[in-house]
Amino acid sequence: MSAQFLYQLTKRVQTAILTRWWNLSGRWLLNLEGVSFEQAPTLYGCPIVSLSPNSKISLGKDVVLCSNSHFTALGVSRPVILRTLRPNASITIGNDTGMSGVAICAAVSIQIGANCLFGADVQIFDTDFHKITADNRRHDDNPDHIAAAPIIIEDNVFIGAGSKIMKGVRIGQNSVIGAGSIVSKDIPPNSIAAGVPAKVIANMAI
């Protein structure tokens, strides 16, 4: 057997072992954290998950969470992060949605539809994290002083690598968001949007 064959065989065995480990340990972690799912997701690497009391994270069928750079072309700068920040907050991810190194932080509600695709290192957050007014901004964590608004991403949306989706936004079905965009306003269905801030630059031919 050639050295190249042995190398490829070793890589395949290593990948199989890692994938099996991630899916066993990761699913155990998701259960332990209180994540609900119709069908256990496919994991490449272990995501970071945390839930505030009385909040929820739910995953549909055939969800893929990639937290390891060996399994996505661009690589990722961090694991997938799923985090609720306040009581009664929710994150919902629909069937057959895949994401790589995506950070999702919900203080109120983030709803993601089915068949969505998220490029490497997308960030989605429905809160400002800190209040806008200057007085005691760093230390005031009173939620009444910190703006937050639900995010809805409809079915079959493609969000390019490095994009940021801000509070209160709704992205319509079938739309595409260009890499590196900052989405701070609603995007209609069947649109292509890009830029900082993101603006519609074309319509999809459906």
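Side notes on the structure shown:
- Between 0 and 90°, nearest 10: helix 3-33 axis offset from the chain longest Cα axis: 40
- Simple spin-label estimate for Asn203 and Lys61 in nanometres, 7 Å along Cα-Cβ: 3.4
- Close amide H partners of Ile153, meaning residues 5 or more places away or on another chain with modelled amide H under 5 Å apart, are Gln111, Ile112, Gly113, Ile171.
- Hits among lysines - C-alpha to C-alpha of Lys61 under 28 Å, sequence gap 8 or more where chains match: Lys164, Lys167
- Ascending count of other beta-carbon atoms within 10 Å, so fewest first, for Leu85, Leu65: Leu85, Leu65
- Cα shape, region 135-197, gyration tensor, a/c 1.5 rule: prolate
- Note that region 108-124 has calculated 3J(HN,Hα) couplings of 10, 7, 10, 10, 10, x, 8, 6, 8, 10, 10, x, 4, 6, 5, 10, 10 Hz, one per residue in order, obtained from phi through the Karplus relation 6.51 cos²θ - 1.76 cosθ + 1.60 (θ = phi - 60°); glycine and proline are x.
- Proximal aspartates and glutamates to Lys185, defined as alpha-carbon separation beneath 13 angstrom and excluding residues fewer than eight positions away on the same chain: Asp126
- With the convex hull drawn around the C-alpha atoms of the chain, the volume per residue stands at 143 Å³.
- Residues Thr133, Thr97, Thr127, sorted so that the one with the fewest Cβ neighbours within 10 Å comes first: Thr133, Thr127, Thr97
- Cβ-to-Cβ counts within 10 Å put Phe125, Phe158, Phe118 in ascending order as Phe158, Phe125, Phe118, the fewest first.
- Normalised by the number of residues in region 3-203, the mean separation of alpha-carbon contacts (under 8 Å, six or more apart) gives a relative contact order of 12 percent.
Read-outs: derived from the displayed coordinates by stated rules, not from any lab. Predicted model only: the values in this text are computed from it and were never measured. Cβ atoms come from the backbone with ideal geometry, glycine included; neighbour counts cover every protein chain shown.
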